[in-house]
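S.K.: Here it is, the structure, as structure tokens.
Each value in this text was obtained by applying a stated rule to the coordinates, not by laboratory testing. Since we're looking at a predicted model, the values are computed, not measured. Don't worry about glycine lacking a Cβ; one is built from the backbone with ideal geometry, like all the others, and counts go over all protein chains shown.
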Amino acid sequence: MREHELTLAQLQDSFTETYPRYTPNEATVEANRCLYCFDAPCIQACPTGIDVPTFIRQIANGNLLGAATTILESNLIGHSCGRVCPVDELCVGACVLGAEHRPIAIGRLQRYATDHVFETGARVFEPAPDSGKRVAIVGAGPAGLSAAGELAKRGVRATVFERQELPGGLSTYGIVVMREPTRVALEEVEFIQSLGVEVVTGVEVGVDVSPQELIEGYDAVLLAAGTGPVPRLNVPGEELEGVIDALPFIAATKLADKDGVERLREIPVGDEVIVVGAGNTAVDAATVAKRLGAERVTMLYRRSRAEMTAYDFEVAFVRNEGVDIRLLTQPVEILGDEHGRVTGVRCVRMRLGEPDASGRRRPEPVPGSELVLPADQVIKAIGQEKFTALFAAFGIESIGGYVKVDEELRTSHPKVFAAGDCVRLTGHALTVTAAEDGKNAARAIARQLGVEELRRDPSATRGRYMHGTTNDFRSVHG
Amino acid sequence: MADLTTNFAGVRSPNPFWLASAPPTNSAYQINKAFEYGWGGAVWKTIGDPVLNVCNRYGAFEYGGKRLVAINNVELISDRPIEVNLKEIREVKRLWPDRAVIVSAMVSSNEQAWKTVVQQIEDTGADAIELNYGCPHGMSERGMGAAVGQVPEYCEMITAWVTSAASIPVIVKLTPNVTNIIPPAHAALNAGADGISLINTINSIAGVDLDSFEIRPNVGGKGSHGGYAGPAVRPIALHLLSQITSDPTYQARPVPISGMGGVETWRDAAEFMLLGATSIQVCTAVMHYGFRIVHELTTGLSNWLDEKGARQAEEVVGASVERISVFGDFDLSFRTVATIDESKCIQCNLCYVACDEGAHQCIDLTADGLRIDPDTYEGGTTLQPVVREDDCVGCDLCSLVCPVDGCITMVERPPKIPPVTWNELVRTRPEVTTDWDAMVAYREEVGIEIH
């Protein structure tokens, strides 16, 4: 038991969205700073090609439904993306005002627009006539929901199978509350459902329903299963009490956000917490541990800062939280007491050798450099396992644990497509790239099923960056 | 530090900044406070016949999230009893002998009423009288304010009553709600006005509420025209000022002009002075930010005068008037072209779209130096706008929309044709100005190409 238990108010503060919503005037002033560039680079920088200058102009003009429509037309997961996108790496990073001024806060403006329609319940899209086609989607995360919604817009009825109790995938279970409250993820699911999508939860494909049933029972199947639990560290002591997986740890805070802040108190957290790993999930787990009241939180990473996959802003954020990052340090054994509880982690210092297969310099142990770090909780965040057994059950090929797909996101099975983190062999596994995958997969499936492509409003923004987004400009303009 | 002292028809003030007759000059409390902040003068809120005011009185014109780009009001003249005002005016003038204390007045259009109010004002020791011929609402329906200012004969008659009775300077405040400001200005001069002030507020409706459909300002579900003021009216005020100061009759018998209409900063004030204003009146900016803005007004103006080598503010008064001309006398051979400084360009391409769709199609987008069509180009290169100088008509739109300081400039180029004005063409080649074939032939003759 720690000396100073956090009050409920403190916990509430710690697990509230970091940035408050803009007031109407804040949004108007920020929106009016936008230059409304012609051929704007922010559009190109958005993986889903949102027409950013148009939606910002709509906010400036007080047309929030129009703004949200512009966003959601390109990205049905825009309600989440406005919050979780690494905007400095994407649209905001491309903003021409960044050269001499402060770039436009595109993410916050996006959120302002989508919050408005999600709160008022305004209808954004009219349901399309039923084409009679049916698609099964495995996984109700951003990729699956994006695809389901895009199919619905084309009159293709999708049924989404989700093994968890709640839909939303990482938006619901994995993105820390400070960036995306659970409510937002669930609102997004309801919005997708309102388009005519059926979401079935608590049903695991491969266990409760067989891949064969889906392949035979539907016109096409989309695998959007994401990735699985954190793999084993494969060091002695891993079974000790107090050694946990980062994902359920974070998920518990997401559920508490839904069920009541007092539930945060039920989440076990140590005083001396060691997080193994240095990716986005590790950063999130460290932040959550600190905010739940851990005295000291230390992240261990066996390589150097240059190889860390977490973004600069995340590293700055977690350091600001008071988390220590120990680089070039690898755990070799988890130590416990006579009751089987964690007491520390034996580590070895590393140094970087020659590049390995991934092109990164291979870390090598420094002989005689062992040290013991005290810990009463160890959180594992060294990546995620792949659902290779599921892929095998579908009889589709995979590469390095990821589903092998062609340019149209088609797997080696003609009726099975795949999208999202389960195909993310390279690059960052972002919500927004999953959303774009889902959109592209829906388009490819619709094409395969002979369903007519959506037509683009000819008055909408033209130009090279708009090619290949939801509504293909060239389909109208030759 | 330049000398800002102002002599306006004998009315002296330590600087040219006067509070305009309006809500900020409603009481001794306010004017004493303003003078403590350093205002050079104040025109007391109009005194005159009894009135009753309404709620709401003001409506804002907002633009791009900026509040109060202009204000509309349906407030009337002072609703405090005239005796209270006269007593306070006397007190203020006694406390502040070095400041300009001017009293705005508006009474029914009969000679005795005006002579009475003139006597009452003179008895306070005030420095001058300003005749409110501009108030566009409430009073005008009662035959006062703009109802006078819009009829030069009334303007002249009442001004003559006042100038014949007054021993202190008389300033006539003109309404902008006329098609030509010159006749009422002449009327004021003919009647012996010692000074002119302009502009009063402009007829306007601030807006319509899109939820309730109410007019702004909303008075119990109804609305009406009100007086429009604030930064958005400044270009109109500058124009009307320039009309008077460039008028030959005025120039033959000039009187000082007190300029106003959207002055918020020293820069605005300097523009009014360059077009011939001796003193500057301010209202909306004070209603928005308070009296403290006078510090920036005086220090900014003084620094600018120093920079221009002027020792006294009056040295710049009217310095731009000689540049006021008419279209027919413009040199048609004068030529400028747009140039883009690519080292400063941030490739927002607003200049491209403005020129291509809103003007004269003289800017190309280029990728790696080659002209491309942005509707079909699919490369990843950042597109750079480039001016086709031979086609550039020198309209200036691109530089006006460019968000980067000093990126697009209009550069003068040698004329392609001999100097000529439209009026000269009318005199020497009248057929060119009336017949398209003759115009086309003339263009070929002198080498004017319009793409």
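S.K.: For region B:249-264, give me the residue count where each residue is part of a loop (DSSP other than H, G, I, E, B), crowded, with 24+ Cβ neighbours inside 10 Å and touching a residue at least 40 places away in the same chain (Cβ under 8 Å). Let's see the steps before the verdict.
M.R.: Kept after step one, since they are part of a loop (DSSP other than H, G, I, E, B), are these residues of region B:249-264: B:253-256, B:260-264.
With crowded, with 24+ Cβ neighbours inside 10 Å added as a condition, the list becomes B:260-263.
In the following step, the residues that additionally are touching a residue at least 40 places away in the same chain (Cβ under 8 Å) were identified as B:260-262.
Residues that pass the stated criteria total 3.
S.K.: Within region B:424-432, does at least one residue satisfy the condition of being under 30 Å from A:ARG33 (Cα atoms) and either within 14 Å of chain A (Cβ to nearest Cβ) or free of Cβ contacts under 8 Å to residues at least 12 places away in the same chain (or both)? Break it down stepwise before answering.
M.R.: Pass one, region B:424-432, residues under 30 Å from A:ARG33 (Cα atoms): none.
Among the residues of region B:424-432, not one is under 30 Å from A:ARG33 (Cα atoms) and either within 14 Å of chain A (Cβ to nearest Cβ) or free of Cβ contacts under 8 Å to residues at least 12 places away in the same chain (or both), which makes the answer no.
S.K.: Scan region B:202-213 and report the pairs whose first residue is among the charged types (D, E, K, R) and whose second residue is in a loop (DSSP other than H, G, I, E, B), with Cβ atoms within less than 8 Å and a gap of 6+ or a chain change.
M.R.: Note: pairs meeting the criteria are B:ASP209/B:ASN218.
S.K.: Give region B:114-129 a look and list any residue that's surrounded by 15 or more Cβ atoms within 10 Å (Cβ to Cβ) and either free of Cβ contacts under 8 Å to residues at least 12 places away in the same chain or not small (Gly, Ala, Ser) (or both), or say none. Write out each step before concluding.
M.R.: Kept after step one, since they are surrounded by 15 or more Cβ atoms within 10 Å (Cβ to Cβ), are these residues of region B:114-129: B:114-115, B:117-118, B:120-122, B:124-129.
Answer for region B:114-129, where residues must be surrounded by 15 or more Cβ atoms within 10 Å (Cβ to Cβ) and either free of Cβ contacts under 8 Å to residues at least 12 places away in the same chain or not small (Gly, Ala, Ser) (or both): B:TRP114, B:LYS115, B:VAL117, B:VAL118, B:GLN120, B:ILE121, B:GLU122, B:THR124, B:ASP127, B:ILE129.
S.K.: On to the next question. Condition check: surrounded by 24 or more Cβ atoms within 10 Å (Cβ to Cβ), of a type outside the set (Val, Ile, Thr), touching a residue at least 24 places away in the same chain (Cβ under 8 Å) and within 26 Å of B:ASN56 (Cβ to Cβ). Does B:CYS135 satisfy that?
M.R.: Working: surrounded by 24 or more Cβ atoms within 10 Å (Cβ to Cβ): yes; of a type outside the set (Val, Ile, Thr): yes; touching a residue at least 24 places away in the same chain (Cβ under 8 Å): yes; within 26 Å of B:ASN56 (Cβ to Cβ): yes.
When the stated conditions are applied, B:CYS135 passes them.
S.K.: May I pose another question? Within region B:308-319, is even one residue over 16 Å from the mean Cα position of the chain (by Cα), in a helix (DSSP H, G or I) and surrounded by fewer than 17 Cβ atoms within 10 Å (Cβ to Cβ)?
M.R.: The initial filter retains those residues of region B:308-319 that are over 16 Å from the mean Cα position of the chain (by Cα), namely B:308-316, B:319.
Adding the requirement that they be in a helix (DSSP H, G or I) leaves B:313-316.
Add one more test, that the residue is surrounded by fewer than 17 Cβ atoms within 10 Å (Cβ to Cβ), and what stays is B:315.
Yes: one or more hits.
S.K.: For region A:221-309, which strands (runs of 3 or more DSSP E) that fit wholly inside it have 3 or more residues that are aromatic (Phe, Trp, Tyr) and crowded, with 18+ Cβ neighbours inside 10 Å?
M.R.: Working: elements: A:243-245, A:272-276, A:296-300.
Of the strands (runs of 3 or more DSSP E) lying wholly inside region A:221-309, none has at least 3 residues that are aromatic (Phe, Trp, Tyr) and crowded, with 18+ Cβ neighbours inside 10 Å.
S.K.: Being more than 22 Å from B:GLY145 (Cα to Cα) and either among the acidic types (Asp, Glu) or more than 14 Å from chain A (Cβ to nearest Cβ) (or both) is the filter; apply it to region B:38-68 and report the residue that is farthest from the chain's Cα centre (by Cα).
M.R.: Step one: filter region B:38-68 for residues more than 22 Å from B:GLY145 (Cα to Cα), giving B:38-41, B:60-68.
Of the ones still in play, those that are also either among the acidic types (Asp, Glu) or more than 14 Å from chain A (Cβ to nearest Cβ) (or both) are B:38-41, B:61-62.
Details: B:GLY38: 23, B:TRP39: 20, B:GLY40: 20, B:GLY41: 19, B:PHE61: 17, B:GLU62: 19 Å.
Within region B:38-68, the match that is farthest from the chain's Cα centre (by Cα) is B:GLY38.
S.K.: Let me ask something else about it. Out of the residues in region B:320-340 that are outside any loop (DSSP other than H, G, I, E, B) and within 18 Å of B:GLU389 (Cα to Cα), state the one that is farthest from the other protein chains (Cβ to nearest Cβ). Break it down into steps so the answer makes sense when it comes.
M.R.: Step one: of region B:320-340, the residues outside any loop (DSSP other than H, G, I, E, B) are B:321-323, B:327-329, B:331, B:335-340.
This time we only want the ones that are within 18 Å of B:GLU389 (Cα to Cα), so: B:335-340.
Numbers: B:ARG335: 27, B:THR336: 23, B:VAL337: 21, B:ALA338: 16, B:THR339: 19, B:ILE340: 14 Å.
Going through the qualifying residues, I end up with B:ARG335.
S.K.: Same structure, new question: Scan region A:30-49 for residues that are within 11 Å of another protein chain (Cβ to nearest Cβ), closer than 19 Å to A:PRO86 by Cβ and surrounded by fewer than 21 Cβ atoms within 10 Å (Cβ to Cβ) and jot them down.
M.R.: A:GLN44
S.K.: Let me ask something else about it. What residue, of A:ASP88, A:ASP130, is touching a residue at least 24 places away in the same chain (Cβ under 8 Å), of a type outside the set (Lys, Arg) and under 30 Å from B:ILE346 (Cβ atoms)? Steps first, answer last, please.
M.R.: On the way: A:ASP130 fails: under 30 Å from B:ILE346 (Cβ atoms).
Sole residue among the options that is touching a residue at least 24 places away in the same chain (Cβ under 8 Å), of a type outside the set (Lys, Arg) and under 30 Å from B:ILE346 (Cβ atoms): A:ASP88.
S.K.: To continue, here is another question. Just to check your reading of the model, which residue among B:ASN7, B:ASN72 is in a strand (DSSP E or B) and in contact with a Lys or Arg (Cβ under 9 Å, 6 or more places away or on another chain)? Quick ask: steps written out before the conclusion?
M.R.: Working: B:ASN7 fails: in contact with a Lys or Arg (Cβ under 9 Å, 6 or more places away or on another chain).
Sole residue among the options that is in a strand (DSSP E or B) and in contact with a Lys or Arg (Cβ under 9 Å, 6 or more places away or on another chain): B:ASN72.
S.K.: Is it the case that region B:192-199 has a residue that's surrounded by fewer than 19 Cβ atoms within 10 Å (Cβ to Cβ) and outside any loop (DSSP other than H, G, I, E, B)?
M.R.: Initially, region B:192-199 is screened for residues surrounded by fewer than 19 Cβ atoms within 10 Å (Cβ to Cβ), giving B:192.
Narrowing the set further to residues that are outside any loop (DSSP other than H, G, I, E, B) leaves none.
No, region B:192-199 contains no residue that is surrounded by fewer than 19 Cβ atoms within 10 Å (Cβ to Cβ) and outside any loop (DSSP other than H, G, I, E, B).
S.K.: For residues that are at the interface with chain B (Cβ under 10 Å from one of its Cβ atoms) and within 12 Å of A:TYR112 (Cβ to Cβ), tally how many sit in region A:50-86.
M.R.: Residues in region A:50-86 being at the interface with chain B (Cβ under 10 Å from one of its Cβ atoms) and within 12 Å of A:TYR112 (Cβ to Cβ): 2 in total.
S.K.: Next question, about the same structure. How many residues, within region B:17-66, are crowded, with 24+ Cβ neighbours inside 10 Å, polar (S, T, N, Q) and outside any strand (DSSP E or B)?
M.R.: The qualifying residues number 2.
S.K.: Separate question: Kindly indicate which of A:GLY420, A:GLY368, A:GLY438 is small (Gly, Ala, Ser) and farther than 30 Å from A:ASP130 by Cβ.
M.R.: Values: A:GLY420 fails: farther than 30 Å from A:ASP130 by Cβ; A:GLY438 fails: farther than 30 Å from A:ASP130 by Cβ.
Sole residue among the options that is small (Gly, Ala, Ser) and farther than 30 Å from A:ASP130 by Cβ: A:GLY368.
S.K.: While we're looking at this one, here's another question. For A:TYR173, indicate whether it is within 25 Å of A:CYS81 (Cβ to Cβ), of a type in the set (Phe, Trp, Tyr) and in contact (Cβ under 8 Å) with a residue 12 or more places away in the chain.
M.R.: On the way: within 25 Å of A:CYS81 (Cβ to Cβ): yes; of a type in the set (Phe, Trp, Tyr): yes; in contact (Cβ under 8 Å) with a residue 12 or more places away in the chain: yes.
For A:TYR173, the condition - within 25 Å of A:CYS81 (Cβ to Cβ), of a type in the set (Phe, Trp, Tyr) and in contact (Cβ under 8 Å) with a residue 12 or more places away in the chain - is met.
S.K.: Can you say whether B:VAL101 is crowded, with 24+ Cβ neighbours inside 10 Å, more than 24 Å from the chain's Cα centre (by Cα) and hydrophobic (A, V, I, L, M, F, W, C), as far as the supplied structure shows?
M.R.: Values: crowded, with 24+ Cβ neighbours inside 10 Å: yes; more than 24 Å from the chain's Cα centre (by Cα): no; hydrophobic (A, V, I, L, M, F, W, C): yes.
For B:VAL101, the condition - crowded, with 24+ Cβ neighbours inside 10 Å, more than 24 Å from the chain's Cα centre (by Cα) and hydrophobic (A, V, I, L, M, F, W, C) - is not met.
S.K.: Which pairs do you get when a residue that is at negative phi, found in region B:382-408, comes within reach of a residue that is aromatic (Phe, Trp, Tyr), reach meaning Cβ atoms under 6 angstrom, with the pair 6+ apart or on two chains?
M.R.: B:PRO385/B:TYR352
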